[in-house]
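Down below is the structure, laid out as structure tokens.
The numbers here are math on the coordinates, done by the rules we state, and not lab data. Everything quoted here is computed from the prediction, not taken from an experiment. Cβ sites come from the backbone with ideal geometry, for glycine too, and all protein chains shown count toward neighbours.
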Amino acid sequence: MEFGVGSIVEGKVTGITKFGAFVSLPGGKSGLVHISEIAYSYVSEVSEFLQEGQEVKVKVIGIDESNRINLSIKKAAEPPVKQAGAGANTGRAPRPYNNNTGASRGGNFAPRPAASKAPMDFEDRLKQFMQSSDSKLSELRYIEKKGSSRRGGRR
């Protein structure tokens, strides 16, 4: 079965690491769900969310030059609905503005402009870069560890 970026497929968790989980995909392929792509909430331990052998629905979010497949569990499902009162509304009164400068009382900070689409694209690219870097680092560590065991131990 061929699938590309954006495809949503079923898979089985085959391994758990501190940085994510490996998932077996249809067609004998496998991919990595980075820890940041497991849930919309903060994930400190992958094993708190996933177990080996667990069936999961994943979205293909990237395929790099080495044909490594980056997956996301959270993007394969709808994001959770934010509850009323969460986020910026803390129940406190807004800080008054200084009439002379337009800045808030306590500093020379102007209100933050509305977020544009460009930072989201950058964040997505940064997240993809970080996933790729983590994957490459883990490969290098594995190769280095494998090589040092052949030489008769560590230096």
Legend entry - Matching strands (runs of 3 or more DSSP E) fully within region 1-80 where at least 1 residues are farther than 18 Å from D134 by Cα and out of contact with any helix residue (DSSP H, G or I) (no Cβ under 9 Å at 6 or more places or on another chain): 8-17, 20-24, 55-63
Inset, instruction - Pairs only if they're at least six apart or on different chains, beta carbon under 9 angstrom, first in region 1-20 and under 17 Å from L137 (Cβ atoms), second of a type outside the set (D, E, K, R) and exposed (fewer than 14 other Cβ atoms within 10 Å of the Cβ); list them, first residue then second. - result: F19/L137
Legend entry - Out of E48, E52, sole residue that is on the phi < 0 side of the Ramachandran plot and surrounded by 11 or more Cβ atoms within 10 Å (Cβ to Cβ): E52
Legend entry - So I63, is it of a type in the set (A, V, I, L, M) and over 12 Å from the mean Cα position of the chain (by Cα): yes
